[in-house]
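Inspection log for the structure reproduced underneath, given as structure tokens.
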Amino acid sequence: MARRRPGQRPRRRHLLRDRGTRLSLYGYEALADDVGPGFADQQRSRFPGITLAHNCRERHEVDEVVAAAETAGGTVVKAPAEAFWGGYSGFVADPDGYLWEIAWGAFPIADDGQLTLG
């Protein structure tokens with residue numbers, strides 16, 4: 001792993017780039033901090049260090065998807081808000097406890113629904 005300057009966010013590593021599927025790795029603490037400050041300390045016994053993501057084409061869809069997930073039995077862990085990376089996102093735990101990031105602005109979405117990663 002490359003060395004970072006103090007305060008510099010760790011870079012993600014793309015391991016799988018298949019048609020519409022991406023697998024990226026982040027450090028445990030960095031991923032937990034993206035959910036919310038202190039999340040790792042509060043949830044260490046329950047947070048497995050993975051999240052799933054649903055990327056939206058439009059900003060307003062984030063609010064709609066989070067609301068639909070909550071109606072379907074999910075728990076809003078972090079309400080949608082402006083993200084440090086310039087987009088808009090929120091986190092929902094599904095009924096099994098897995099965290100889903102609902103995001104807009106992370107990557108362009110092609111007409112066929114695939115994420116466009118640089």
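The values are calculated or read from the model by the stated rules, or taken from the named source; none is laboratory data. Keep in mind it's a predicted model, so treat the numbers as computed, not measured. Here the Cβ is made from the backbone with ideal geometry for all residues, glycine too, and neighbour counts use every protein chain on show. In case anyone asks, the SASA skips ligands and DNA or RNA and just uses the protein heavy atoms, side chains included. Shrake-Rupley method; radii C 1.70, N 1.55, O 1.52, S 1.80 Å.
A Cβ distance below 7 Å, combined with a sequence gap of six or more or placement on separate chains, defines the contacts here; from the stretch 61-83, residues that are more than 14 Å from P95 (Cβ to Cβ) reach residues that are open to solvent by 60 Å² or more (accessible area, probe 1.4 Å) and assigned to a strand (DSSP E or B) in the pairs E61/W104; V62/W104; V65/H54. Among the helices (runs of 4 or more DSSP H) confined to the stretch 28-118, the ones with at least 2 residues that are at pLDDT 90 or above are located at 59-71.
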